[in-house]
Amino acid sequence: MSHDHHDPNNHDGDPELQAALRRDLTPGDLLEERLVRALKARGILHPPRSLKRSGTLAGRLVKIAAVLLLFLSGLAVGHWTAKRPEPPVVRESHVLRQPVSGPRQVYWF
C-alpha cells in the first residue's frame, strides 16, 4: 500500500505534525449519529439483539442440548483420564544400552 505524500491529511510519518494536534478535543454527538446512520444505511451496523428474544423454542432447545452435550463430554473425558492406569516406570536396568543401527522411524498418530 503506497502513501500519497501530497495528501494534506496524511500525517502518518510526521511526528511533529502529530505532536501539534490537539488532544483535548473530542468528536461531538452529531458526528457519532451521522456515522451510525451511515453504517446502518450500508448494512454494516445492525441494531443490538436483545437477550430475551434469542430465537424460537426449538432453537433454544438445540442450544441447551449443545451446552449439555459439551459439559457432559467434558465430565466423561475427565473421568476417563482420572481412571486411566499410570504407565509403568522404566528403570535404568531395563533400558538397553546397545547402539541403534539402521534407520529410525517415528510414527505419529
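The values are calculated or read from the model by the stated rules, or taken from the named source; none is laboratory data. Owing to the predicted nature of the structure, the values given are computational and were not obtained by experimental measurement. We place every Cβ from the backbone using ideal geometry, glycine too, and count neighbours over all the protein chains shown.
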Condition met for His94 (exposed (fewer than 10 other Cβ atoms within 10 Å of the Cβ), at pLDDT 80 or above and on the phi < 0 side of the Ramachandran plot): no
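When you scan region 14-40, how many residues do you find that are among the small types (Gly, Ala, Ser) and either surrounded by 10 or more Cβ atoms within 10 Å (Cβ to Cβ) or at pLDDT 90 or above (or both)?
Residues in region 14-40 being among the small types (Gly, Ala, Ser) and either surrounded by 10 or more Cβ atoms within 10 Å (Cβ to Cβ) or at pLDDT 90 or above (or both): 1 in total.
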Filter result (surrounded by 10 or more Cβ atoms within 10 Å (Cβ to Cβ) and modelled with pLDDT under 90) within region 41-77: Leu45, Ser54, Gly55, Gly59, Arg60
